[in-house]
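First the structure, in the form of structure tokens, and then the observations on it.
The values are calculated or read from the model by the stated rules, or taken from the named source; none is laboratory data. Model, not experiment: these values are computed from the prediction. So basically every Cβ, Gly included, is an ideal-geometry build from the backbone, and we count neighbours across all protein chains shown. We work out accessible area using only protein heavy atoms, side chains counted, and drop any ligands, DNA or RNA first. Shrake-Rupley method; radii C 1.70, N 1.55, O 1.52, S 1.80 Å.
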Amino acid sequence: RRPRRPRSRRLRSRHPPTLLLPSRSKQKKLMKTMKFDKALKQAVDLTRVNWEALRPWVAARVTALLGGVEDEVVVGYILEQLEGKQVWEVVAGLAAVARPCPLSHPPPPHFFQTIDPRTLQINLTGFLEKAAPAFVAELWSLLASAAASSTGVAPALLAAKAEELAAARAVREA
């Protein structure tokens with residue numbers, strides 16, 4: 001008999017790395033049990049939204065909901081979920097690690113154009129807890145009004161910016 005070779009302490013996986021996603025059954029169960037706002041049933045074309053105008057609102061609202069603590073990770077996570085740009089790069093990168101050749105085709109144009117707002121609410125519940133349903137409902141109504149406008153900016157955001165500028169002008173004149 002040959003003597004046994006000592007095993008390496010480093011664990012080796014037989015399976016290639018995969019993208020860690022929540023299980024579909026768990027998500028389906030949450031979709032059935034959670035309550036969602038009626039505004040989330042409205043379909044929104046996210047390609048028509050001006051993201052540059054919406055980013056500051058999302059950051060300010062999340063900061064307010066978290067008690068004044070600025071959390072760039074949560075804001076980035078929300079925007080990535082809505083914009084969907086970074087997700088495809090992560091999936092393509094993991095596929096390139098799992099297989100020797102990277103994905104040879106880009107995503108179709110409609111691949112990440114919309115997100116189910118109920119899924120967004122489920123994903124944000126871990127960060128925003130009880131404030132997640134109200135935040136997602138408010139965000140979704142802003143997105144709907146922004147998509148309906150010709151500029152891609154929600155009229156409520158334009159009105160808030162006009163009030164802010166008027167207040168700043170009044171302070172300068174006083």
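The figures follow:
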item	result
Ala131, sole failed condition from (1) open to solvent by less than 40 Å² (accessible area, probe 1.4 Å); (2) assigned to a helix (DSSP H, G or I); (3) under 21 Å from Gly84 (Cβ atoms)	(3)
Qualifying position, being modelled with pLDDT under 50, outside any loop (DSSP other than H, G, I, E, B) and within 24 Å of Gly152 (Cβ to Cβ), among Gln81, Gln121, Gln86	Gln86
Number of positions in the stretch 28-60 that are over 15 Å from Phe135 (Cα atoms), of a type in the set (Lys, Arg) and touching a residue at least 40 places away in the same chain (Cβ under 8 Å)	1
Residue within the stretch 159-169 that is at pLDDT 90 or above and either in contact with a strand residue (DSSP E or B) (Cβ under 8 Å, 6 or more places away or on another chain) or surrounded by 11 or more Cβ atoms within 10 Å (Cβ to Cβ) (or both) present	yes
The stretch 61-74, subset assigned to a helix (DSSP H, G or I) and either closer than 18 Å to Lys130 by Cα or of a type in the set (Val, Ile, Thr) (or both), residue most open to solvent (accessible area, probe 1.4 Å)	Val73
Any hit, the stretch 150-158, residues being at pLDDT 85 or above, surrounded by 16 or more Cβ atoms within 10 Å (Cβ to Cβ) and not aliphatic (A, V, I, L, M)	yes
Every residue from the stretch 41-60 that is in a helix (DSSP H, G or I), more than 15 Å from the chain's Cα centre (by Cα) and of a type in the set (A, V, I, L, M)	Ala53, Ala60
Members of the stretch 157-174 found to be under 15 Å from Glu52 (Cα atoms) and either aliphatic (A, V, I, L, M) or over 28 Å from the mean Cα position of the chain (by Cα) (or both), listed by number	Leu157, Leu158
